[in-house]
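Written below as structure tokens is the structure these notes are about.
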Amino acid sequence: MVDFMGMMKQAAELKSKMEAMQAELDNTEVEGVSGGGMVSIKLSGKGEMKSVRIDESLIKPSDREILEDLIAQRKADAFFTCGSNRLLKLMQRLGKKHGIPGQVAMEQIMVCGFGACYVCMRTFEVDGQRVLRRVCRDGPVFNMQEAVGW
Ligand code: FES
């Protein structure tokens, strides 16, 4: 014989546990840090942005609060990054997801510095085609979405 009362009690307990877990997620805060702690972003357990902190040494102090507020309010209209492949991939993913364009300043070993030796080549993907570009002559700043990581 089916114990409907027992099942109803279990369903109520499960619902209560789910609500408690949802509340716990609301109160959970996750922090991502990059650049040796120079930039950090805090998200709720549900992925909602809580705050952005950018070290004062990276930007003018007067601009920091404005920039952090714009990102937190999802009013960023462009991303810019350099150096870290991991950060490039993150910014590409966020840019694609939110339709925000961006640029990456690339670092590369150079010999001539004016486009003759081809030592500084990097790979890009343009309209589905892989192309090589010289960082010294064609960059060093490129469309973030075209850059292929390293
Ligand atoms: S450093 Fe020689 S081509 Fe870029």
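Read-outs throughout are calculated quantities, based only on the coordinates presented, and are distinct from any laboratory measurement. Remember, predicted model here, so these are calculated numbers, not experimental data. Counting neighbours? That spans all protein chains shown, and the Cβs are built from the backbone with ideal geometry, glycine included.
By the compact-protein rule of thumb, 2.2 N^0.38 Å, the alpha-carbon radius of gyration of region 1-59 corresponds to a ratio of 1.96.
So, R0 is 35 Å and r is the distance between the beta-carbons of residue 100 and residue 57; what FRET efficiency does that work out to, to 0.05? It comes out at approximately 0.90.
With a cut-off of 12 Å between beta carbons, the residues surrounding residue 121 carry a summed charge of +4, where Lys and Arg count +1 and Asp and Glu -1. Region 11-41 and region 115-137 have Cα centres separated by 42 Å.
Computed over neighbours whose Cβ is under 15 Å from that of residue 135, the net charge equals +1, Lys and Arg +1, Asp and Glu -1.
To the nearest µm²/s, what D does Stokes-Einstein give for the chain at 4 °C and 1.567 mPa s, using the Kirkwood radius over alpha carbon pairs as Rh?
In µm²/s, the coefficient is 68.
Potential lengthening of the chain between residue 26 and residue 44 amounts to 5.9 nm, from the contour at 0.36 nm per residue minus the alpha-carbon distance.
Placing unit charges on the Cβ atoms only, positive for Lys and Arg and negative for Asp and Glu, gives the chain a dipole magnitude near 520 debye about its Cα centre. Sorting the segments 118-129, 17-28, 100-111, 134-145 by their mean number of nearby beta carbons within 10 angstrom, highest to lowest, gives 134-145, 100-111, 118-129, 17-28. Could you give the angle, 0 to 90 degrees to the nearest 10, between helix 85-98's Cα long axis and the longest principal axis of the Cα atoms of the chain? Taking Cα atoms only, the helix is inclined about 60 degrees.
Near residue 88, once Lys and Arg are set to +1 and Asp and Glu to -1 for all other residues with Cβ below 12 Å from its Cβ, the sum equals +2.
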